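Take a look at the structure below.
Nothing in this text is a laboratory measurement; each read-out follows from the coordinates by a stated rule. Just so it is clear, the model here is predicted, and its values are computed rather than measured. Neighbour counts are summed over all protein chains in view; Cβ atoms, including those assigned to glycine, are modelled from backbone coordinates with ideal geometry.
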């Protein structure tokens, strides 16, 4: 291990020289890796943005309970008590029909319309802030509350957010599948690049082994090469994704202004960017490792 | 230092390269290995460096049975040996200096110290002035001497040479032999395979003769 560190500068210099010597082929390799990785990475960035958007709109989930129009104060009091004691309910807010009417009058500028009504059409309502988050427990809670006496209708306000969340889950799965497939492609690309290099350096490898080189010594420059190529590929992918998001931002800005909202795509987070680079580096390393390992095993068998 | 005991080696296809070979070489001894081509000289040398493994019998180097060494231990055995290959095995993508440097890089030698050692080895074989040359530009004799420099730069205690004067005229051959004798004088154990009669005439050197895989007494 100590030896590996001592040789690091020399091996690294050799690897860089070799990379520079075949820079055109290397450039295309890196481009292919970059494009392959940018697909899942880009999709991931879009998903992250979509999720941010949902979180912004949905807030914390609520269940609205609308009571029967003929509910008396005694009924609502009993229900209020019942709700506060329910284990699935975190916090309860009671809105009387008069309050609700007042709110509508203020917020929507419908004063005239409301004023023209001869009686209040709104029921008393409870707003429930549930203890638990998540689509399924909330749906169970809603069904349970709907069955309480005096409740006319129970509505899960963030229902649409959960539907979208499920869709995103599907998207994440797609990213995972895509990333796995393209990772295999990346390993294959590195495997082949390294195999070609090994073929041109066959003599050197043979001589080195005959005069006492360990397998680690033989592997090291190829592993560095693979990891470095993977890293450059990862950087290329990052640039593609970032440039793509910035490009999309302009038309998206126009669109969101038409909807009177301000929405811009965020680039990949620092941690995600680092993960992308480390992952592509690791895949390059792995491809090289497999390639050299195969060659060493093959020459061992020939002996 | 090197000890063969009833060693047999058969290649795939049935060719028996070595049959019941037994001998001992003491530390610091210089020994010629003679015989016609195909008599098993190269195979014998390969067994010492564990490039081949014996089918039966034992090959001891420094009291270590190299026939049963694990693959992972082979590099460390070979670092103790200087091997001069029949086909030189020089690397033509680098200059003379870097060819000799390779064994030191493999052992993880300190960079500055390596330079001194490489030049000392090149000086010993008379190639110091050609350190920047490409091996392609060297004559046959010079290539052979470069191969020797690479074999000794590690200061091994055992030197194995496979037909070191193979394609050289007698003047070059004498030069090479003089170099070997100088190593012998400083205590290196040498095993030199050759079928060159002019070399074998060298007086006072023990001789092992192989004939169709068997050691002649």
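Indicate, rounded to the nearest 5 percent, the antiparallel portion of the DSSP beta bridges found entirely in the protein assembly as shown.
Working: 31 of 49 bridges.
Percent antiparallel among DSSP bridges in the protein assembly as shown is about 65.
Full extension of the segment from residue A:266 to residue A:8, taken as 0.36 nm per residue of separation minus the current Cα-Cα distance, would add 89.1 nm.
Taking 51 Å as R0, compute the FRET efficiency from the Cβ-Cβ separation of residue A:98 and residue A:170 and round it to 0.05.
Details: r = 45 Å, r/R0 = 0.87.
Efficiency, rounded to the nearest 0.05: 0.70.
From the square roots a ≥ b ≥ c of the eigenvalues of the alpha-carbon gyration tensor of the stretch B:16-66, which class results: rounded (a/c under 1.5), prolate (a/b over b/c), or oblate? It comes out oblate by the Cα gyration axes. Each principal axis of the Cα atoms in the stretch A:60-157 has its own extent, and those three values, largest first, are 41, 29, 17 angstrom. First measure r as the distance between the Cβ atoms of residue A:120 and residue A:84, then evaluate 1/(1 + (r/R0)^6) with R0 = 30 Å and state the FRET efficiency to the nearest 0.05. The calculated FRET efficiency here is 0.70.
Calculate log10 I(q)/I(0) of the stretch B:125-206 for q = 0.18, 0.19, 0.23 Å⁻¹, where I(q) comes from the Debye formula with a single equal point scatterer on each Cα and nothing for solvent. Debye intensities relative to I(0), on a log10 scale: -0.77, -0.86, -1.22.
Order these by the 10 Å Cβ neighbour count, fewest first: B:41, A:163, B:46.
On the way: B:41 26, A:163 11, B:46 20.
Result, fewest neighbours first: A:163, B:46, B:41.
Calculate for chain A the 222 nm mean residue ellipticity that helices alone would give, adding -39,500 (n - 2.57) per DSSP H run of length 4 or more and normalising by residue count, nearest 500 deg cm²/dmol. Walk me through the numbers before you get to the answer.
On the way: 11 runs with 226 residues, N = 303.
Helix contribution divided over all residues of chain A: -26000 deg cm²/dmol.
With both labels modelled 7 Å from their Cα along Cα-to-Cβ, the residue A:111 to residue A:248 distance reads 4.5 nm. By other beta-carbon atoms within 10 Å, ranking A:96, A:254 with the fewest at the front produces A:254, A:96.
For chain B, report the convex hull volume of the alpha-carbon atoms normalised per residue, in Å³, without decimals.
On the way: hull volume 27.5 nm³, N = 217.
Expressed per residue, the convex hull around the Cα atoms of chain B is 127 Å³.
In the stretch B:90-156, the convex hull through the Cα atoms has an average projected area of 4.0 nm², a quarter of its surface area. Label sites at residue A:152 and residue B:24, each approximated as a point 7 angstrom past Cα along Cα to Cβ, lie 11.2 nm apart. If you plug the beta carbon distance of residue B:68 and residue A:206 into 1/(1 + (r/R0)^6) with R0 = 25 Å, you get a FRET efficiency near 0.60.
Determine, for B:9, A:105, A:81, the number of other Cβ atoms within 10 Å of each Cβ, and report the residues in order from fewest to most. Show your work: numbers first, answer last.
Numbers: B:9 24, A:105 15, A:81 11.
Arranged by neighbour count, lowest to highest, B:9, A:105, A:81 become A:81, A:105, B:9.
Spacing of the modelled spin labels on residue B:185 and residue A:144, each 7 Å from Cα toward Cβ, amounts to 10.0 nm.
Starting from the Kirkwood radius over alpha-carbon pairs of the protein assembly as shown, derive D by Stokes-Einstein at 4 °C in a medium of 1.567 mPa s and give it in µm² s⁻¹. Taking Rh from Cα pairs, D becomes 43 µm²/s. Of all DSSP bridge pairs formed entirely within the stretch B:106-217, close to 40 percent run antiparallel.
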